[in-house]
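A.B. asks: Right, I'll just put the structure down here and ask away after.
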Amino acid sequence: CIDLRTMVLFEMLLDRNLADDAKFELVQELDSRLFALWRNPLLFNTSWSCFKRMITLQSADTKMRICTYLVPTVGFDSYVAGAVLRRKDDQINVVPLIDRSDELKTPERARSSAEKWYGALYTDLVETRFKNKTFYTLLGFKSNDGLVKTRVIDAMSFQGDKISFGLPQFKQDAKTRYRHIFKYASGANMMLRYDDKLKMIVFDHLAPADPLFNGQYQYYGPDFSYDGYRFEKGNWFLQTDIDLRNPKTN
């Protein structure tokens, strides 16, 4: 591994018996080491595969990377840390991502920034272009509080050196979301991925086990139907009841 101490720090963060204050001290050391690694131009294309707790996604032109990792705290709480890395010539610009999820009161209708980020552990990156502008759509895991799991589809773009998260691209009839947030029972599993054959983001449709539980997400789970987003003219348009067994019928 390129940095054994960093690898060990990631593993130490998983200790649920470690007090939060002690974990925050570990995070400070971890961030210090990670930023030194991230800023090194010779390491920009490193896979970081030895840091199993951190997910690194890279743009198609290999000039941008986004790294995220979970920091579990007392109980089932956690927050997410990470950074966006951009290469220009021989310099690496590293922008830290500060998880301020609790400050976004209506996150599905909110723009955010790197300094006020709706934190998520990103597992996939989908690049799209419209009118010579590149958009990065991010699929990720948000949290599990013991009763409810949260997943998210977010969008990121650049204007110069400024990073924006949450874009009004997610369309469902007359409704527009800046990001799509999914909540469901902690004991359930949800499929969320980009299907390259369909050219769509596809996911399980979530519903309560009984209509009486509408809005109580600890009773939500997949209902064996599928929805998806297709990118057209700069936006993602929701399509419901997709047949993933026979793509030709979609």
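A.B. asks: Give me the pairs: first residue in region 87-108 and within 27 Å of Thr150 (Cβ to Cβ) and in a loop (DSSP other than H, G, I, E, B), second residue open to solvent by 60 Å² or more (accessible area, probe 1.4 Å) and modelled with pLDDT of 90 or more, beta-carbon distance under 8 Å, and six or more apart or on different chains, which are they?
C.D. replies: Listed pairs, sorted by first residue: Arg100/Glu115; Arg100/Lys116; Leu104/Lys116.
A.B. asks: Continuing with this model, one more query. Tell me which residues, restricted to region 60-72, are surrounded by 16 or more Cβ atoms within 10 Å (Cβ to Cβ) and among the polar types (S, T, N, Q).
C.D. replies: Matches in region 60-72: Thr68 only.
A.B. asks: Is it fair to say Lys133 is modelled with pLDDT under 95 and open to solvent by less than 30 Å² (accessible area, probe 1.4 Å)?
C.D. replies: Against the criterion (modelled with pLDDT under 95 and open to solvent by less than 30 Å² (accessible area, probe 1.4 Å)), Lys133 does not qualify.
A.B. asks: Moving on. Hey, could you check region 165-177 for residues that are open to solvent by 30 Å² or more (accessible area, probe 1.4 Å) and of a type outside the set (D, E, K, R) and say which is farthest from Ile66 (Cα to Cα)?
C.D. replies: Once the filter is applied, the top-ranked residue is Ala174.
A.B. asks: Out of all the residues in region 114-126, is one or more outside any loop (DSSP other than H, G, I, E, B) and more than 13 Å from the chain's Cα centre (by Cα)?
C.D. replies: No, the conditions are met nowhere in region 114-126.
A.B. asks: For region 7-46, give me each residue that is assigned to a helix (DSSP H, G or I), under 21 Å from Arg86 (Cβ atoms) and open to solvent by less than 60 Å² (accessible area, probe 1.4 Å).
C.D. replies: Correct list: Asp31, Leu34, Phe35, Leu37, Trp38, Leu43.
A.B. asks: Same structure again: For the list (1) under 24 Å from Ala60 (Cα atoms); (2) surrounded by 18 or more Cβ atoms within 10 Å (Cβ to Cβ); (3) touching a Leu at 6+ places or on another chain (Cβ under 8 Å); (4) in contact (Cβ under 8 Å) with a residue 40 or more places away in the chain, I need the number of the one condition that His180 fails.
C.D. replies: Exception for His180: condition (3).
A.B. asks: Do you know which residues across region 57-79 are modelled with pLDDT of 95 or more, in a strand (DSSP E or B) and not charged (D, E, K, R)?
C.D. replies: Within region 57-79, Leu57, Gln58, Met64, Ile66, Cys67, Thr68, Tyr69 meet the criteria.
A.B. asks: Yes or no: Ala83 under 30 Å from Leu18 (Cα atoms), at pLDDT 95 or above and aliphatic (A, V, I, L, M)?
C.D. replies: Considered against the rule, which asks whether it is under 30 Å from Leu18 (Cα atoms), at pLDDT 95 or above and aliphatic (A, V, I, L, M), Ala83 comes out as yes.
A.B. asks: Also, I was wondering about something else. Every residue in region 211-227 that is open to solvent by less than 60 Å² (accessible area, probe 1.4 Å) and assigned to a loop (DSSP other than H, G, I, E, B), please.
C.D. replies: Gly215 - this is the single residue of region 211-227 that is open to solvent by less than 60 Å² (accessible area, probe 1.4 Å) and assigned to a loop (DSSP other than H, G, I, E, B).
A.B. asks: In the list Ala120, Ala81, Ala60, Ala110, which residue meets the criterion of being touching an Asp or Glu at 6+ places or on another chain (Cβ under 8 Å), of a type in the set (Gly, Ala, Ser) and farther than 22 Å from Leu14 by Cβ?
C.D. replies: Ala60
A.B. asks: Related question: With surrounded by fewer than 17 Cβ atoms within 10 Å (Cβ to Cβ) and free of Cβ contacts under 8 Å to residues at least 40 places away in the same chain as the only criterion, which of Arg230, Arg193 stands out?
C.D. replies: The unique qualifying residue is Arg230.
The values are calculated or read from the model by the stated rules, or taken from the named source; none is laboratory data. Please read these numbers as outputs of a predicted model, since none were measured by experiment. Cβ atoms come from the backbone with ideal geometry, glycine included; neighbour counts cover every protein chain shown. Ligands, DNA and RNA are stripped out before the accessible areas are found, and what is left, the full protein with its side chains, is counted by its heavy atoms. Shrake-Rupley method; radii C 1.70, N 1.55, O 1.52, S 1.80 Å.
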